[in-house]
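Following: one structure in structure tokens, then a few remarks.
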Amino acid sequence: MTADSDRTRWRFRPVALGAAFLLAAATACSGSEEPPWGGASGDTSEGALLSALEKVPYADAPPEGLAWVDIERAEELLAADEQRFTYVQDFGTSLLSHYSVPEHRYGLDPAAAHTAVTVGFRDQWGFWAGDFDAAAVAEDLAADGFREDRSGEAPVWTGPEGQPVLQVTGEEITWGNEGFDPAGSASGTPLTEAPGYQELSRCLGDEVYRVDVIQRDPDSAVLVWAVGLLAESPEDTSSVLCGISADQDAADRVADRLRTVLDEDDEAYAGSEIERVDGDRPGVRVHIPDDAAEHRPGRLLTHHMDLMLAMSDL
């Protein structure tokens, strides 16, 4: 990555997930059904994903989607095999992926972060959680031509025209594009209270290191669904696809559709298993192992997209 002029406009390069879902909107061995998965409806996961969702508010409707990344685990996997784990190298955030970001990234150090959350596709915002040197970041932002404004106890840094807006503390960096109001990201209903998100988090489990979520319309067969990435080791990786529905009839339709997709491509989905998700809002869980020689993590959103397209059509 090379440094560009501070006057270069901040234009987000679409992450693979956003591009894939925008495209879908415009246009294995089949596993036998296993015993119900997910536990009782009151069994709430206290994992890192659920904690992150608690910090994403919404007003009238949940955001169209989001990406959550366990940066520490992703860094470990990238260090082991950067080519294989290229899908997680930008941690789902435009602060790292955009070509016009200076090489020093406005003083933002991914090594100081343990979690990255990116919300939305078209008008993105997000936050990093970690342990940051706020004074050092502020010094770099000032040197890059950012203007400091006060918002409560934490300053808001507004870049030159077209560049990002950031709010920096020692524990969190919140960011958005031009015109973003960090105060707005702290008000509203937590995403954990949106229909299906508690069940979705339990379905994905605590072992995922990246999750990409898509919100559907209330009248869709799927209320919300996501793809999570798992890695027992750099060589032993898999994906889990979870979809949550409003009722059992809808969940059964989703399961039938996904089972058809799995049946149609034994090579891509070899060893896959499909299960029910029980709870107040039922759903479907598909676990899909990777062939280490052929399949890279993230392939369900970048290459083998027929499961994603099926979910988008339901």
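The values are calculated or read from the model by the stated rules, or taken from the named source; none is laboratory data. These numbers come from a predicted model, not from an experiment. FYI the Cβ positions are ideal-geometry reconstructions off the backbone, even for glycines, and counts take in every protein chain you see. For accessibility, only protein heavy atoms count, side chains too; no ligands or nucleic acids. Shrake-Rupley method; radii C 1.70, N 1.55, O 1.52, S 1.80 Å.
Below are the figures for this structure:
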{"read-out": "For segment 157-252, accessible area per residue (1.4 Å probe, heavy atoms of protein chains only), Å²", "value": "34 Å²"}
{"read-out": "Sequence ranges 77-87, 117-127, ranked by mean other-Cβ count within 10 angstrom, highest first", "value": "117-127, 77-87"}
{"read-out": "Label point distance in nm, A186-A270, each placed 7 Å from Cα along Cα→Cβ", "value": "5.2 nm"}
{"read-out": "Cα gyration tensor shape of segment 162-314, rounded if a/c is under 1.5, else prolate or oblate by comparing a/b with b/c", "value": "oblate"}
{"read-out": "Two-decimal Rg/Rh across segment 246-314, once Rg and the Kirkwood Rh are taken from alpha-carbon atoms", "value": "0.99"}
{"read-out": "Estimated inter-spin distance, A154 and D109, nm [label 7 Å along Cα→Cβ]", "value": "1.9 nm"}
{"read-out": "Approximate spin-label separation M305-D256, in nm, with each point projected 7 Å along Cα-to-Cβ", "value": "2.7 nm"}
{"read-out": "At R0 = 45 Å, FRET efficiency that the Cβ-Cβ distance of E161 and E232 yields, to 0.05", "value": "0.45"}
{"read-out": "Calculated FRET efficiency for the pair E72/D291, C-beta based, R₀ 35 Å, to 0.05", "value": "0.85"}
{"read-out": "Student exercise, segment 209-275 dipole from Lys, Arg, Asp, Glu Cβ charges, in Debye to nearest 20", "value": "340 debye"}
